[in-house]
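What follows is one structure encoded as structure tokens, with my remarks underneath.
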Amino acid sequence: QAQFVESGGGLVQPGGSLELSCAYSGSNFNMFTMAWYRQTPGNQREWVASVSRGGTTNYKDFVRGRFTISKDNVKKMGYLQMNSLKAEETAVYYCNFPSSLRKWGQGTQVTVSS
């Protein structure tokens, strides 16, 4: 079954940066809008950013200007560059196709702490 594998998380200090990656094992990656989500314990998974088939990007207000989403259709990879990270952004980060959800991957843990 096609799925996503997220990577690139880790421990970073407040104000620091990380780049997350997301590898898709299925086909037609270029046909879908791809999005990043995050989830903290006890809370629902929330949408963070998305990039459309044509490359149009959208961001949740609280990350706009600090995060950059991108994708490589040839490699079937998605990316999320995160700058100026805040402690409250500690979460497990996931990627998926919002209009055609696949099985959720394991996610990648991002911990923002001094």
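The values are calculated or read from the model by the stated rules, or taken from the named source; none is laboratory data. Not measured: the values here are computed from a predicted model. For neighbour counting, all protein chains shown are included, and Cβ atoms are generated from backbone atoms with ideal geometry for every residue, glycine included. The area values use the complete protein model at the heavy-atom level, side chains included, leaving out ligands, DNA and RNA. Shrake-Rupley method; radii C 1.70, N 1.55, O 1.52, S 1.80 Å.
Here each label is just a point 7 Å from Cα along the line to Cβ, and for SER113 and SER100 those points are 4.0 nm apart.
Looking at the chain, the DSSP beta bridges with both ends there are about 90 percent antiparallel. Taking all protein chains into account, the per residue accessible area for the chain stands at 52 Å² (1.4 Å probe).
Spin-label model, ASP72/GLN3: points 7 Å from Cα along the beta carbon direction are separated by 2.3 nm.
Comparing mean-square fluctuations of ASN28, ASN73, ASN96 from a GNM of the chain with C-alpha springs under 10 Å, the top value falls on ASN28. With both labels modelled 7 Å from their Cα along Cα-to-Cβ, the GLN13 to GLN39 distance reads 3.2 nm. Averaged over residues, the count of other Cβ atoms within 10 Å places the peptides 30-42, 54-66 in the sequence 30-42, 54-66, highest first. Placing +1 on the Cβ of every Lys and Arg and -1 on the Cβ of every Asp and Glu, with nothing else charged, gives the chain a dipole about its Cα centre of roughly 280 debye. Ligands, DNA and RNA left out, the 1.4 Å accessible surface of the chain is 46% carbon and sulfur atoms. Work out the charge dipole of the chain with +1 on the Cβ of Lys and Arg and -1 on the Cβ of Asp and Glu about the Cα centre, then indicate which of CYS22, GLY55, GLN106 is farthest towards its positive end. Of the options given, the answer is GLY55.
For the chain, averaging the sequence separation of C-alpha pairs within contact (under 8 Å, six or more residues apart) and dividing by the residue count gives a relative contact order of 38 percent.
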